[in-house]
């Protein structure tokens, strides 16, 4: 009897967690479907897209550039440390360019923005939910998904690639400057390495990944914000869940795109 | 035409809140729904505009089953039903004027000048003239409730639903809100449903009072009738005597 209980306990816990996860995925899918259907209500979402693009994109540029600049510096220094005596130093340009554009630009910016943008959306919509502002929108004949969710999703898909491409450029520039001033390389050397394996597809790859991260971060923020219950504590929980879930999905997507597109 | 909740059942996480709630709100009257905290009064109110859907039973507004309405039909019904939330639910990111004009912007053909005029008219009705540019955070509790009421009446609805309109207010502000509710019926001719546990307020504003207890209507009648009611549950609640409720249960 005890043995059975011991076996059933964890099994039940796993079962409950699986059911709960499946239900969450189902609810997220349902919100996604509602967002697609809400696209036909252009009058409700279109006026708010530019505002959201400014909040999600333009306001995120400083943090994106800050992270990229220091990443570029570190990449150049570590490449030089690794290559010295074994590989020609102009490969520093190759490594900085490829790594920034293909991987670190999109992923580090995505992770940083899951905190800045995702948490902000979850907190804002969560507060609106617990103070009945979402209900108030409904009673005033607004579709809250069209009014609140769609503009954020569109802004995320458009603006994340913009921020990431700027971050890519900043990372490469920072790596270049580091090579010139700290590694005694010349500009032609760095540019030779940068051009060596560069393909324009790499930039598209970076932008596609960034767009998927934008959809993820804004979508997860909207989902947990809308599902908030229980006052200030609930808002805090929704914010934490958003950052954790969107960060995990970003890393999974990162591997997915590498496997599918490279 | 009227609002009817017919045998409404609603449970949350297996906990039944409404168990066969049936009530009719007649045209032109103000019905006060009273009951203890957590008895399901607000839950019942939310069913009228389909913020919640019943597990069983039906809600009808003007003879139309709310659960069977398409999205556009539902919006049409909601434009006819103003909702005053317990904590006003004003949009923080907007001014008071923008809040009041929100519902008006959903009415096809209304010009910005007409919206501005209607906003000013509604704010005058609730004695908030000149507050258009204020932010909700700059208002007192009573002013927020009045701004919420102005927003609810802006679309000139046939029905007004009030969720605990006087909770948390001082006696003077409570009397002001009560007077506004009476004035809404007198000047605008709206039919009202007021959810409250404030008995003094219910007697002042209601034509009829319905008491919700154990998920269903325990008693309904005029304020005079409920005060004369011998049911210990009703008497215990309206007179604030828990010993009577204990005896009854």
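Do you know which residues across region A:84-110 are part of a helix (DSSP H, G or I) and surrounded by fewer than 17 Cβ atoms within 10 Å (Cβ to Cβ)?
If the condition is that a residue be part of a helix (DSSP H, G or I) and surrounded by fewer than 17 Cβ atoms within 10 Å (Cβ to Cβ), then A:103 is the only one that fits.
Take residue B:58 and decide whether it is more than 14 Å from chain A (Cβ to nearest Cβ), at pLDDT 95 or above and touching a helix residue (DSSP H, G or I) at 6+ places or on another chain (Cβ under 7 Å).
yes
Going through B:155, B:167, B:129, B:191 one at a time, which residue ends up being in contact (Cβ under 8 Å) with a residue 40 or more places away in the chain and farther than 20 Å from residue B:34 by Cβ?
Only one candidate passes the filter, namely B:155.
Keeping to region B:67-94, report how many residues are more than 8 Å from chain A (Cβ to nearest Cβ) and either under 17 Å from the mean Cα position of the chain (by Cα) or in a strand (DSSP E or B) (or both).
Residues that pass the stated criteria total 4.
Need pairs with beta-carbon distance below 6 Å; first residue in contact (Cβ under 8 Å) with a residue 24 or more places away in the chain and within region A:231-255, second surrounded by fewer than 17 Cβ atoms within 10 Å (Cβ to Cβ); sequence gap 6+ or separate chains.
What qualifies is A:243/A:115.
What's the total number of residues in region B:95-108 that are away from chain A (no Cβ under 13 Å) and either modelled with pLDDT under 95 or part of a helix (DSSP H, G or I) (or both)?
Count: 2.
Do you know which of the residues in region A:134-146 that are at the interface with chain B (Cβ under 7 Å from one of its Cβ atoms) and either under 27 Å from the mean Cα position of the chain (by Cα) or not in a helix (DSSP H, G or I) (or both) is nearest to residue B:102 (Cα to Cα)?
Here the residue is A:140.
More than 12 Å from chain A (Cβ to nearest Cβ), closer than 17 Å to residue B:188 by Cβ and in a loop (DSSP other than H, G, I, E, B): does that describe residue B:157?
In short, no.
Go through (1) modelled with pLDDT of 95 or more; (2) closer than 30 Å to residue A:33 by Cβ one by one and return the number of the condition residue A:230 breaks.
(1)
Report the residue count in region B:2-45 for those that are assigned to a loop (DSSP other than H, G, I, E, B) and in contact with a strand residue (DSSP E or B) (Cβ under 9 Å, 6 or more places away or on another chain).
Total satisfying the criteria: 10.
The values are calculated or read from the model by the stated rules, or taken from the named source; none is laboratory data. On a predicted model such as this, the values are computed, not experimentally measured, just so you know. Cβ atoms come from the backbone with ideal geometry, glycine included; neighbour counts cover every protein chain shown.
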